[in-house]
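Notes follow once the structure below has been shown.
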Amino acid sequence: MLFSFCFLIALLWGSSLRVEAQPARKLIDVVVSPDRTDWKYKAKEEVTFTVQVFRNENLLEDVVVDYELGPEYFPVKTEKDVLLKNGKTTLKASLKEPGFLRCKVIAKVEGRNYEGMATVAVDEERIQPTTEDPKDFDSFWNQAIADARKIPLDPKMVLMPERCTSTQNVYHISFQNERYGSRMYGILVVPKKDGKYPAILQVPGAGIRPYGGINLGDDVITLEIGIHGIPVNLPQEVYNNLASGALNGYPGINKNDRDAHYYKRVYLGCVKAVDFIYSLPEFDGSTVGVTGGSQGGALSIVTAGLEPRIKFLAALYPALCDYAGYLHNRAGGWPHYYRNAQPGPNEVETLAYFDVVNFARRVNAPGWYSWGYNDVTCPPTSMYSAYNVIPGAKELHLYLETGHWTYPEQDAARLQWLKEICK
C-alpha cells in the first residue's frame, strides 16, 4: 500500500511537471517566414513570405487558406479560399515608405481557423510620429504637477504579515494624488536589513485587478501601483464589477478635455508615486527607475518624461503611442481610438497631451526597451514612432515573433538589466 501511494504521488507530481513544462500548442501550425532572418528591409524592396501549414510536424496537403498582405490594419491585398495542394506557397509584397509589412494567413481545417503571421520592418528607424507636439505641452504638465504637489502626500502604510519574509517587509500603501481624497494604492516591498536602497516603480498594464507586488531581491525597494484609485488587495469580484461597470472603457473617459481626461490623474499619480518613494527613510535618495509593459510600458515612458528624478526605465511593448496614426492611414497605438471611428470635437487636440510620443521626446534617462513585430495590440509602427524620438540613451531588444506577450527569457533579461543598474 505504501509503495502504491508513493507511486501515485510520484505519478501526479510528474504529470504536473510535464503540464507546466509544455507550452500550449495548436493542432495546426501556420508558419509564415520572411526571406531575411532579421526581418528588416528597405523601402520598395520585395519581401518574400513562405507560408507553410503543418499538422503533426508535416505539411498538410490540400489545405484552404485566407491571407492578407499590407501595412498593419491596412492590407492592400486580400485573398480567400486559396488551395495549397502541398501545404505550402510563397507570397510577395513591398512597401514604398517606412512602416511594417504584415502577412497574415488563416488556415481553415475541419471547421476551425488557425492563424499565423509575420510582420517585417521597412526602414523602421525612419518612422516618425503623426501626433503633433503641443506648443504648451511643457507648461501644461509643469502646472499640473505643481498643482498636484500642493495636495499633501498623506502616505499610509499597512504591514501585510502574510506576505512578509525573513528579509523583506511588504506593505499595502496609499498616498494622496492630485486632489483631496483622491488616492493611489500599491504594494511596497522594503528590505528589512538596515541600509539605504535603490527603488523601482512598477506601473501596470491595462485593466482593473489586484496586485501582489514585485520582488527584485533583498537589496532593492519596489513599489507596484494600481492606477484606478482603489485598494489593490480587494477580492477579485470587486475588480470584475468595476471593469464591467464604472471603469468600463476608462481610456476613453473625457478624451476631449485635457483637464478631465482619465489619464491626467493617472500620469500625475505616477509622478506622486516617485514622491512617495522619496519619502521612504530606506530609499537611497537618488537611484530610482520605472518599469512596466503595455499600458505600463507607456506609463514608464510618461513617468520618465515628466519626472527628471527617474534615472532609468525598462519598457515592454508600450501602448498609447501615436493615436493619430489611423488618421494618416497607418496603425495607431492602443486603445485604437480612431481605428473604427472618426474623432469628435477637440479629441485630437486633447489626446496630444497624453500621447506617449510627446513624453518620449522628453526622456533623457537611459532605457531598455523590448517588443516584437507581430504585436496586434500595440502595432510596431506606433511603438517605433515613440522610440525613434527618444533623445536619451536607449537599447532595443527585439524578439521578432512575439505579439503582445513575452518569452520568459525576454522578461528575465528585463529584470536582470534592472537589477544590474541598481547595483
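When the stretch 273-287 is filtered for residues that are surrounded by fewer than 24 Cβ atoms within 10 Å (Cβ to Cβ) and in contact (Cβ under 8 Å) with a residue 24 or more places away in the chain, the ones remaining, listed by number, are VAL274, ASP275, ILE277, TYR278, SER279, LEU280, GLU282, PHE283, ASP284, GLY285, SER286, THR287.
Once the stretch 245-272 is narrowed to residues that are under 13 Å from GLY207 (Cα atoms) and more than 22 Å from the chain's Cα centre (by Cα), the residue that is surrounded by the most Cβ atoms within 10 Å (Cβ to Cβ) is ALA246. Selection of the stretch 306-363 for residues being β-branched (Val, Ile, Thr), closer than 19 Å to CYS270 by Cα, outside any loop (DSSP other than H, G, I, E, B) and out of contact with any Asp or Glu (no Cβ under 6 Å at 6 or more places or on another chain) yields only VAL356. Go through the residues of the stretch 126-146 one by one and say whether even a single one is free of Cβ contacts under 8 Å to residues at least 60 places away in the same chain, assigned to a loop (DSSP other than H, G, I, E, B) and open to solvent by 30 Å² or more (accessible area, probe 1.4 Å). There is at least one residue in the stretch 126-146 that is free of Cβ contacts under 8 Å to residues at least 60 places away in the same chain, assigned to a loop (DSSP other than H, G, I, E, B) and open to solvent by 30 Å² or more (accessible area, probe 1.4 Å).
The number of residues in the stretch 189-204 being in contact (Cβ under 8 Å) with a residue 12 or more places away in the chain and open to solvent by 20 Å² or more (accessible area, probe 1.4 Å) comes to 5.
Residues in the stretch 112-125 that are out of contact with any helix residue (DSSP H, G or I) (no Cβ under 9 Å at 6 or more places or on another chain) and open to solvent by 50 Å² or more (accessible area, probe 1.4 Å): ARG112, ASN113, GLU115. Where strands (runs of 3 or more DSSP E) sit wholly within the stretch 37-98, those with at least 3 residues that are touching a Lys or Arg at 6+ places or on another chain (Cβ under 9 Å) and within 29 Å of ARG339 (Cα to Cα) occupy 47-55, 63-71. Would a scan of the stretch 380-387 turn up a residue that is under 21 Å from ASP322 (Cα atoms), touching a Ser or Thr at 6+ places or on another chain (Cβ under 9 Å) and at pLDDT 95 or above? Checked the stretch 380-387: at least one residue is under 21 Å from ASP322 (Cα atoms), touching a Ser or Thr at 6+ places or on another chain (Cβ under 9 Å) and at pLDDT 95 or above. Among the conditions (1) among the aromatic types (Phe, Trp, Tyr); (2) part of a helix (DSSP H, G or I); (3) surrounded by fewer than 23 Cβ atoms within 10 Å (Cβ to Cβ); (4) touching a strand residue (DSSP E or B) at 6+ places or on another chain (Cβ under 7 Å), TYR211 misses just one, which is (2). The residues of the stretch 219-259 that are part of a loop (DSSP other than H, G, I, E, B), among the β-branched types (Val, Ile, Thr) and under 30 Å from LYS419 (Cβ atoms), listed by number, are VAL220, ILE227, VAL232. A Cβ distance below 6 Å, combined with a sequence gap of six or more or placement on separate chains, defines the contacts here; from the stretch 380-400, residues that are farther than 12 Å from THR130 by Cβ and part of a loop (DSSP other than H, G, I, E, B) reach residues that are open to solvent by less than 10 Å² (accessible area, probe 1.4 Å) and among the aromatic types (Phe, Trp, Tyr) in the pairs LEU400/TYR373. Going by the structure shown, is TYR369 of a type in the set (Ser, Thr, Tyr), in contact with a strand residue (DSSP E or B) (Cβ under 7 Å, 6 or more places away or on another chain) and surrounded by fewer than 24 Cβ atoms within 10 Å (Cβ to Cβ)? Against the criterion (of a type in the set (Ser, Thr, Tyr), in contact with a strand residue (DSSP E or B) (Cβ under 7 Å, 6 or more places away or on another chain) and surrounded by fewer than 24 Cβ atoms within 10 Å (Cβ to Cβ)), TYR369 qualifies.
If the condition is being free of Cβ contacts under 8 Å to residues at least 40 places away in the same chain and open to solvent by less than 40 Å² (accessible area, probe 1.4 Å), then the stretch 403-417 contributes only GLY403.
Give the residues of the stretch 147-179 that are without any contact (Cβ under 8 Å) to a residue 60 or more places away in the chain and touching a Gly at 6+ places or on another chain (Cβ under 8 Å), sorted by residue number. Of everything in the stretch 147-179, those that are without any contact (Cβ under 8 Å) to a residue 60 or more places away in the chain and touching a Gly at 6+ places or on another chain (Cβ under 8 Å) turn out to be ARG163, VAL170, SER174.
This table checks each residue for (1) within 25 Å of TRP368 (Cα to Cα); (2) not polar (S, T, N, Q).
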position: GLY245; (1), (2): no, yes
position: VAL274; (1), (2): yes, yes
position: PHE283; (1), (2): yes, yes
position: THR287; (1), (2): yes, no
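The values are calculated or read from the model by the stated rules, or taken from the named source; none is laboratory data. Predicted model only: the values in this text are computed from it and were never measured. FYI the Cβ positions are ideal-geometry reconstructions off the backbone, even for glycines, and counts take in every protein chain you see. Heavy atoms of the whole protein, side chains included, go into the accessibility calculation; ligands, DNA and RNA do not. Shrake-Rupley method; radii C 1.70, N 1.55, O 1.52, S 1.80 Å.
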